[in-house]
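One structure is given here, and the rest of the page talks about it.
The values are calculated or read from the model by the stated rules, or taken from the named source; none is laboratory data. Treat the numbers as computed from the prediction; the structure is a model and nothing was measured. Glycine gets a Cβ as well: all are built from the backbone with ideal geometry, and neighbour counts include every protein chain shown. Ligands, DNA and RNA are stripped out before the accessible areas are found, and what is left, the full protein with its side chains, is counted by its heavy atoms. Shrake-Rupley method; radii C 1.70, N 1.55, O 1.52, S 1.80 Å.
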Amino acid sequence: MIVFYISGHGFGHASRSIELIRALVRRRPDLRITVKTTAPRWLFERVPAVSYERFDTDVGMTQHDSLTIDVADTTARAARFYRDFDRRADAEAAWLSASGVQLVLADIPPLAHAAAASASLPSIAIGNFTWDWIYDGYDSFRMEASAVIDVIRRAYALATLALRLPMHGGFEPMAAVTVDIPFIARRSTRDPADTRRRLGVPDDRPFVLASFGAYGLAADYQEIARAQHLTILSPRAQLDGGVIYPDAVAAADVVITKPGYGIVSECIAGNTPLLFTSRGRFVEYDIFVAEMPRVLRCCFIPQDDLLAGRWRPHIEALLAQPPPPEQPRIDGATVAAEAILDLVNS
């Protein structure tokens, strides 16, 4: 039995973890995996061999909408959570010991590694950033909650192995056990033309997928589509005809979003250009802005233009770009699954 602790911050952690779970089960159909997370249960309902338990794995970041981070509230919540960290880790270690668990995976809550070490179990971290690195980017954490960062770093240092994804930051506490792997990305298996037909997308205008996560965007998509002569689909709307989210990404002419690992990796997998806006102060954003142009056609749209619906000039500039200079590997789920099973079987 494997227990997989997954951060509930956004959908990117969950979506890539699901791809990894599928890769594991393809190789070991007898494997049973318990997922512990605050990510919604429905994300895991069609994932084989998984049982779901809602569980506070970490704090993540407080967001009141898709584009704004509440640093003060995040700092206060993290201080409360990590003040009680040892008790949480001991309680979870007792559960792990009683449940017959062989291995702990984490994307990428530090609590998982502290609990695993206390239960004398191996643990593997998977991710493109660590929470100590994220929190250290804020003055409020360094000034008001520096103990939080220290606790997180000590917990990460207990990991048996760290599988580091591209466009990464952090990992210093796990440097001695860190291995770089390719992108883990959801991929469409449907022909883009079939997806567009099923969605009723006309061919006389650009098809734009507006992807702003659970919070959406405070914009009138219908009015923007009419004024800018676009077809706009929000994945918050129901995708019918058997179309799933990666199908829509691969079929779109452009995805408009805030950059995060999930959507960036899926645009790479679908060879779909990405029009991105800023997402508040989040140090991961700087990594994406610096590294995306190597592997993805991408272009920035200011939030003023985004919210006012002035999309068309930015879309045209993006579509005029040449292909990116690199085509990265996206078989990270396979690579990670093999490393994990090597440890399970050792």
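This structure gives Rg and Dmax of the Cα atoms in Å, computed directly, and of (1) 20.3, 61; (2) 20.2, 67; (3) 24.9, 107 that value is listed as (1).
Nearest 10 degrees is fine. How inclined is helix 85-98 to the longest principal axis of the chain, computing both from alpha carbons? Helix 85-98 sits at roughly 80 degrees to that axis. Computed over protein heavy atoms with a 1.4 Å probe, the carbon and sulfur contribution to the accessible area of the chain reaches 49%. Adding -39500 (n - 2.57) for every DSSP H run of four residues or longer, then dividing by how many residues the chain holds, sets the calculated 222 nm ellipticity at -12500 deg cm²/dmol. Kirkwood's formula applied to the C-alpha pairs of segment 79-212 gives a hydrodynamic radius of 17.4 angstrom.
May I ask for the distance between the Cα centers of segment 248-314 and segment 131-179, given as a whole number of Å? After rounding, the separation between the Cα centres reads 26 Å. Counted over the chain, the DSSP beta bridges are approximately 5% antiparallel. Computed over protein heavy atoms with a 1.4 Å probe, the accessible surface of segment 1-143 works out to 38 Å² per residue. Of the peptides 12-21, 301-310, 31-40, the order by per-residue mean of other Cβ atoms within 10 Å, starting with the highest, comes out as 12-21, 31-40, 301-310. Sorting 246-259, 42-55, 95-108 by average packing, meaning the other beta carbons within 10 Å per residue, from highest down gives 246-259, 95-108, 42-55. Using the 1.4 Å probe convention, the accessible area of segment 288-346 works out to 53 Å² per residue with neighbouring protein chains retained.
Look at the dipole of the chain built from charges on Cβ: of Phe212, Leu233, Thr160, the Cα furthest out on the positive end belongs to Leu233. Segment 86-121 and segment 1-53 have Cα centres separated by 17 Å. Relative to the Cα centre, the charge distribution of the chain, modelled as +1 at Lys and Arg Cβ and -1 at Asp and Glu Cβ, gives a dipole magnitude of about 660 debye.
Computed packing ranks the peptides 205-211, 260-266, 141-147 as 260-266, 205-211, 141-147, most packed first, by mean other Cβ atoms within 10 Å.
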